[in-house]
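A short worksheet on the structure shown next.
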C-alpha cells in the first residue's frame with residue numbers, strides 16, 4: 001500500500017483543487033485553495049480522509065473526488081487524485 005498524500009505535500013504542485021460530489025446524480029463541483037484546506041484541517045491531513053468527509057452543499061452527499069488543475073507550462077490540464 002502506498003502512503004497517502006498530505007495537504008502539505010500537495011501544496012507546492014502549483015495547481016488549483018476541485019472537489020466533485022460523489023453522487024451519481026449530482027456532480028456539483030467546488031473550488032478550494034490549499035490555504036483554506038490547511039487552515040481547516042492542518043498540513044498533515046491525508047487527502048483520502050478529506051475526500052471521504054467532504055459534504056456536497058447542493059445535495060448533502062458525503063464523499064467526493066479531488067481533482068487538481070495544473071497551471072504551469074505544457075503540463076497545464078486536469079489530474080484526478082487517487083481513486
Of those in region 21-40 that are surrounded by 16 or more Cβ atoms within 10 Å (Cβ to Cβ) and not in a loop (DSSP other than H, G, I, E, B), the residue modelled with the lowest pLDDT is 34
Residues of region 1-20 being within 13 Å of residue 69 (Cβ to Cβ) and not in a helix (DSSP H, G or I), in sequence order, are 14, 15, 16, 17, 18, 19, 20
When region 58-72 is checked residue by residue, the ones that are surrounded by fewer than 16 Cβ atoms within 10 Å (Cβ to Cβ) and modelled with pLDDT of 95 or more are 58, 59, 60, 62, 63
Within region 41-57, residues being in contact with a strand residue (DSSP E or B) (Cβ under 8 Å, 6 or more places away or on another chain) and either in a loop (DSSP other than H, G, I, E, B) or buried (at least 17 other Cβ atoms within 10 Å of the Cβ) (or both) number 9
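The values are calculated or read from the model by the stated rules, or taken from the named source; none is laboratory data. This is a predicted model, so every value here is computed, not measured. Using ideal geometry, Cβ is built from the backbone for each residue, glycine included, and neighbour counts are taken over all protein chains shown.
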